[in-house]
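Please read the structure below before turning to the comments.
The values are calculated or read from the model by the stated rules, or taken from the named source; none is laboratory data. Everything numeric in this text was worked out from a predicted model, so none of it was measured. Cβ sites come from the backbone with ideal geometry, for glycine too, and all protein chains shown count toward neighbours. Each accessible area value is taken on the protein alone, full model and side chains, heavy atoms only, with ligands, DNA and RNA left out. Shrake-Rupley method; radii C 1.70, N 1.55, O 1.52, S 1.80 Å.
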Amino acid sequence: MKSKFHSGEIAVQTQAGVRDIAQRVSRVISTTLPHNVQYFLEIQSMVVIGSLDSNNRVQASVLTGSPGFIQALDERTIRIDAEYFDGDPLTENLKKRNEIGILAIDLETRNRLKVKGKATLKDGIIYITVNRAYAQCPKYIQARESDSIPSEARTEQNIQHSENLSNDLQKFIATSDTFFIATYHEESGIDVSHRGGNPGFIRVLNQNKIVFPDYSGNSMFNTLGNISVNPGASLLFIDFQNGGTIQLTGEANIIWDDDRVEEFAGAERLVEFEICGVVHTSDAVPLKWQFLDYSPFNPL
């Protein structure tokens, strides 16, 4: 039987000593959307999307809308009808490359669904043909409740491009408890994953480099498997209080060195991320989130 994993994922699973576990867990991967998954998509107000630019670089974006802006038209087709914010590369990317990965995540209930497939853009609406889909566990998700920002309370978007992190952005990232990472492999496509922990779990080493722990997960190693073959990655941070976003592009490297890993509570490995591009957008999405509580799985 053909493996559901590519060579990079298998290599990381093997090095981590979880190859057998990964094989068992892979049974959850489906090529269709069961009815309960279709319903889950249709009640979401946010989705994180990974796309590829013309230079084969992966980009992470976020789209929001009222429940129903994502619809499962059938067990293999997803429709996303959302407003895009200025400066985001998503629509231009999809006009040139049809690879897409999405992570639909409900922060309040800590449920999430990962989908990989091919996209078609028609009149601003994204249609996705599903190749792979599976739900994930609630680990490391901080519970938050979303609410719309009234149109009269929104300010004009301000988009800032740079090659490194300003002091303010360094402070924001160093105190963040959540981000999303998009990676790409030519065989399995674009993967979009969630990362979370208590504030301070991400360390800013300098204006162009951050490092974060890799905690115990589902043992598939979709993200790290992609990085082991293709280090290009994109990170997305959301300002949950104000609706702003920080999109980082760069290259990631897996660190297995025990001495360095021991500096991070609960870490099994580390990922070091070298930043080459920063896009900071204020008022990017018309949502704000109220913090409820931290994940009970977060290492202390």
(message) Need the C-alpha centroid separation for region 100-128 versus region 146-225, integer Å.
(response) 18 Å
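Find out how many positive minus negative residues lie around THR249, taking Lys and Arg as positive, Asp and Glu as negative, among other residues whose Cβ is under 14 Å from that of THR249.
Net local charge, THR249 excluded: -3.
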(message) What are the extents of the Cα atoms of region 132-247 along their three principal axes, in Å, largest first?
(response) 44, 32, 28
(message) Of the listed values (i) 53, 52, 40; (ii) 52, 48, 39; (iii) 57, 48, 31, identify the label whose number matches Cα extents along the principal axes in Å calculated from this model.
(response) (ii)
(message) Defining a contact as two alpha carbons under 8 Å apart and six or more residues distant in sequence, what relative contact order in percent does the chain show?
(response) 21 percent
(message) Among TRP256, PRO296, ALA284, which residue has its Cα furthest toward the positive end of the charge dipole of region 250-300, with +1 on Lys/Arg Cβ and -1 on Asp/Glu Cβ?
(response) ALA284
(request) Starting from the Cα gyration tensor of region 72-166, take the square roots of the eigenvalues, sort them a ≥ b ≥ c, and report rounded, prolate or oblate (rounded when a/c is under 1.5, otherwise prolate if a/b is larger than b/c, else oblate). (result) oblate
(request) With unit charges on the beta carbon (Lys/Arg positive, Asp/Glu negative), name the residue among ASN167, ASN93, GLY65 whose Cα is farthest towards the positive pole of the charge dipole of region 56-179. (result) ASN93
(request) Among the aspartates and glutamates, select those whose C-alpha is under 16 Å from the C-alpha of LYS122, and discard any that sit fewer than 8 residues away in the same chain. (result) ASP81, GLU83, GLU92, GLU99
(request) Would you work out which of GLN38, ILE80, VAL25 lies farthest towards the positive end of the dipole of region 18-89? Charges go on Cβ: Lys and Arg +1, Asp and Glu -1. (result) VAL25
(request) Excluding ASN158 itself, calculate the net charge of residues whose Cβ lies under 11 Å from the Cβ of ASN158, where each Lys or Arg counts +1 and each Asp or Glu counts -1. (result) -3
(request) Working from the alpha-carbon coordinates of region 7-142, get Rg over Rh, Rh being the Kirkwood radius. (result) 0.98
(request) Rounding to the nearest 20 debye, state how big the charge dipole of region 58-213 is about its Cα centre with +1 on each Lys and Arg Cβ and -1 on each Asp and Glu Cβ. (result) 640 debye
(request) Would you please classify the overall shape of region 212-280 from the alpha carbon gyration tensor, given that a ≥ b ≥ c denote the square roots of the eigenvalues, rounded means a/c under 1.5, and beyond that prolate means a/b larger than b/c while oblate covers the rest? (result) prolate
(request) Using a 1.4 Å probe over the heavy atoms of the protein chains, calculate the carbon and sulfur portion of the accessible area of the chain as a whole percent. (result) 45 percent
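How big is the charge dipole of the chain about its Cα centre, in debye rounded to the nearest 20, if each Lys and Arg gets +1 on its Cβ and each Asp and Glu gets -1 on its Cβ?
Approximately 960 debye in magnitude.
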(message) So if I place +1 on the C-beta of Lys and Arg and -1 on the C-beta of Asp and Glu, and nothing else carries charge, what would the dipole magnitude of region 140-205 be about its Cα centre? I want it in debye, nearest 20.
(response) 320 debye
(message) How large is the accessible surface of ARG19 in square angstrom, using a 1.4 angstrom probe and rounding to the nearest 10?
(response) 60 Å²
(request) Report, in whole Å, the centroid distance computed from the Cα atoms of region 226-300 and region 19-70. (result) 18 Å
(request) Could you order HIS280, HIS185 so the one with the most accessible surface comes first? Probe is 1.4 Å. (result) HIS280, HIS185
